[in-house]
Amino acid sequence: MRMTSQDYRIESAADLEQILSHADFKREHLFFIPVISANDPARILGRHEHVIVVPRQGVSVLRYMAVHGTDSQDTEQLDLAVEQPEGTVYVLPTEYERIWSLLTFAGNDFLSNRLVPVLSRQKRAFPQFTLTNDDIKGILAGLDQGGPWEKLESWHAVLRPRGGGGKTQDHYHQRYEKLFALVDMKEALLERLRVVCIGPTELDFTLYRDGSVRIRSGQWAHFQRFLRHPILSRAADRLSLVAGRGRRSFQDLGRPLEVQLEQPVFRTPEGNSELVAALQSSGIGSVAVLHLNPYLHASMVDLINGASIDIFVTSPETVLVVPGYGANEGSLLRVLRTITDTICEGQVLDAEPSPRLSLADLAGVD
Amino acid sequence: MSLGRDNIPSRQDIKTELLNEFHDYDDAVTCVACWYYLLTQTSDYSQVTRHFEWFPSIDVGDRRKTPDFTALLQSGGIVAEIKAGIPQDESALTEKLEQLASYDRLGHLPRNAKGTLEQVSYIDLVVLLHRRNAHDARRVLSALSEPGREFRLSKPPIFMTYAFETDRGQTKMAIDRLDIPGNGSFTPIRHESCAQDLYRHFCEEGRRLAWAPKQFYQAKTQFMRVMNDPPKRLYSAYVLWEELLGEAVAKGVWEAVSPRQKVIELVVHPHEISQRLTDKILANHIFTIDCVRDALEFLRKAELASRLPEPQGAYRVRLQSLLPRKSARITPSETKDVAEQLAERYATHVFRPTSPTADASVSDTAQLPLRLVDS
């Protein structure tokens, strides 16, 4: 379906839906990318050369023209391949505010050389969200229990060691429960996972940690119900947790988040150093350590938007993230992802104000 | 400062001293944050304390007094001074005694953030020393009671110590009243909400207090990680560095530079930065132009800034992330944060092994090649 006459027939989101519900994904894989953006991503993506935005009712059609040669400034800036493949991307709003769906039938070449690099470089416009291992497990459990198929098989899983570095590992043909036992045992991050649902009906897809999905076969309605919806609702939960927390004035303080890790990694001083190294390695911000041991207080400047963030280790398994001036959802998602992807999986919560203590409490009658 | 051979501080000595000073300042900020929590958030004191002033600045005649914090209680108040330690020499000791005597005589304490003063019936003068320098307290107390000294305090200051402690993985800042002869006492509080006051707790029962990070983090971040002493050298350089970097990124100056060129040059006017930082803390005697200029001088000596010709008094700062190269995977033992990197650069450039007599200003002549200038 690349740049075919079908694109020109799309006059509304309903037309696109019509095409998708009859599409044969076996012939042409559909690729879905959830995007967080305060503004319509079509307007941001359309600013690049060789992209034509065709606004339609409830959907924007982005036509990426093929580009030959490296003479364009755009090419140089984006570090793209000499030959830039063509492709069409559909940008749709979702039922969640500030969350958008990007859909395309374009091939790997277009995705990895043209669309994905632009999305990942526009970090300021598109705060990046990631699924945790638990999120992925939950999505798979939903598929296993609710779908019209007999069994779920993990055909290919790519595991990345936590903390970056190290080689990724491939695991083939496993029951998904077994796979998650392995992921837990290795304390690894599930980078991507190809799952085939076999039964009277089939659904074959690859789920990526950033919430993207490649549909290899199956029905549009099943994708909507078992993948798109659970992914978007998780993105929306995460977004509402981190939104509107920045500091506004001297009195109007940032609202802190608490990360409760699954392991008491800060029981030893090495845990604090590991967290500092993780924040530095992530490259998301400049890090200053005000106090390292035995408790950690670091201050960060987010190099994407200039925000100020304070990080405290408040107990052997708790990190407190205090948003300062300019800290928005993008900055917080970056910091939280660094902590949970590098150190240990954990639950992110609104930091409850501590109960009012008395002098006797402070005296250590605990 | 510990000295190396030939009494010349080594590069490592300079770096260590800078970092110690940096962390001492941070501990002092934490100490103020603990008192802030104690006097404004606890069930015993939240109704007793009428105003806690984080940045007190009290004019007495033509002199300005800036104790480290003050608290206006029901009729009296607390005035506190935090010192990592008290210098050994006689003139420094005399200066300290004069300072304490002047705090004892204040008579008025701020009752709001605007600095409006209110008369108080007594002042409990608290001197907080880092626990490693607890022994300094005896020296001050005995000097205060020496015959012939003209410092007559209305009552002895209360010497206390602060230090971090870890128990079963939980770290807390602990504050104790020193149990030494002649040490001062808190004035008892009579208020229905105050079940336990500082007098009973510290002076009668000889107990201590300890704050977990959950209790002090909020004040520390609210007051922008600074206390009522203008930060010195490395700490002021760090504050300035983060401010400049944040501003450059927020305004898009940073992003405008191609991703590989990780250095941008900014022209910085001390009075502008001083104003910006002052606006953030709502107190004008911390980030003075002198404090900002000192920070810029520190960066200049670390070869991260150069001075532009007068009359503007501006500096050109070479801003960079100070992060390791992207390809490098950092192991925890190699972690060098902004403070350590600034200290290291300063120590490296100030240290001149070939000319031990040379002043740090030798680096004045080192002009940096200019690449991208945003003026």
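Numerical summary
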read-out	value
Folded to 0 to 90 degrees: helix A:269-281 orientation relative to chain A principal axis, Cα	40 degrees
Low-density loop positions, trypsin sites (Lys or Arg not before Pro), the stretch A:135-219 - DSSP coil, at most 10 other Cβ in 10 Å	A:167
Charge-dipole axis of the protein assembly as shown as Lys and Arg at +1 and Asp and Glu at -1 on Cβ define it, positive-most pick from A:323, A:12, B:75	A:12
Dipole moment magnitude, nearest 20 debye, the stretch A:215-278 about Cα centre, only Lys, Arg, Asp, Glu C-beta charged	440 debye
Sequence-distant residues sharing a close amide H with residue B:120 (under 5 Å, placed H)	B:108, B:109
Under the Karplus curve 6.51 cos²θ - 1.76 cosθ + 1.60, θ = phi - 60°, whole-Hz ³J(HN,Hα) for the stretch B:62-71, x wherever Gly or Pro sits	9, 9, 10, 9, 10, x, 6, 6, 9, 9
On Cα atoms only, tilt of A:133-146 relative to the major axis of chain A in degrees	50 degrees
FRET efficiency, residue A:39 to residue A:151 (Cβ-Cβ, R0 35 Å, nearest 0.05)	0.25
Dipole magnitude (debye, nearest 20) for chain B, charges at Cβ of Lys, Arg, Asp, Glu	860 debye
The stretch A:264-356: trypsin sites (Lys or Arg not before Pro) in DSSP coil with no more than 11 other Cβ atoms inside 10 Å	A:356
Ranking of A:300, A:185, B:160, A:65 by count of other Cβ atoms within 10 Å, fewest first	A:185, A:65, B:160, A:300
Selected from A:202, A:191, A:95 as most flexible by GNM, with chain A as the system and alpha-carbon contacts under 10 Å	A:95
About the Cα centre, charge dipole magnitude for chain A (Lys/Arg +1, Asp/Glu -1 at Cβ), debye	300 debye
From phi via Karplus (6.51, -1.76, 1.60), per-residue ³J(HN,Hα) for the stretch A:234-243 in Hz, x at Gly/Pro	5, 4, 5, 4, 4, 5, 5, 5, 9, 6
Label point distance in nm, residue A:202-residue A:68, each placed 7 Å from Cα along Cα→Cβ	3.9 nm
³J(HN,Hα), Karplus 6.51/-1.76/1.60, whole Hz, each residue of the stretch A:54-64, x for Gly, Pro	10, x, 10, 6, x, 7, 10, 9, 9, 9, 8
Estimated [θ] at 222 nm from DSSP helical runs (n ≥ 4, -39500 (n - 2.57)) normalised by residues in the protein assembly as shown, nearest 500	-9000 deg cm²/dmol
Neighbour-count order for B:70, A:268, B:49, A:94, fewest beta carbons within 10 angstrom listed first	A:268, A:94, B:49, B:70
Distant-in-sequence amide H partners of residue A:191 (H built 1.01 Å from N, under 5 Å)	A:158, A:159, A:160
Linear extension gain, residue B:93 paired with residue B:303, 0.36 nm per residue minus alpha-carbon span	72.0 nm
Leading residue at positive end of dipole, the protein assembly as shown (Cβ point charges), from A:227, A:111, A:272	A:111
Other-chain or far-sequence residues with amide H under 5 Å of residue B:308's (modelled H)	B:314, B:315, B:316
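Every number here is computed from the coordinates shown, using simple stated rules; none is lab data. Keep in mind that this is a model prediction, so the values were computed, not measured. Don't worry about glycine lacking a Cβ; one is built from the backbone with ideal geometry, like all the others, and counts go over all protein chains shown.
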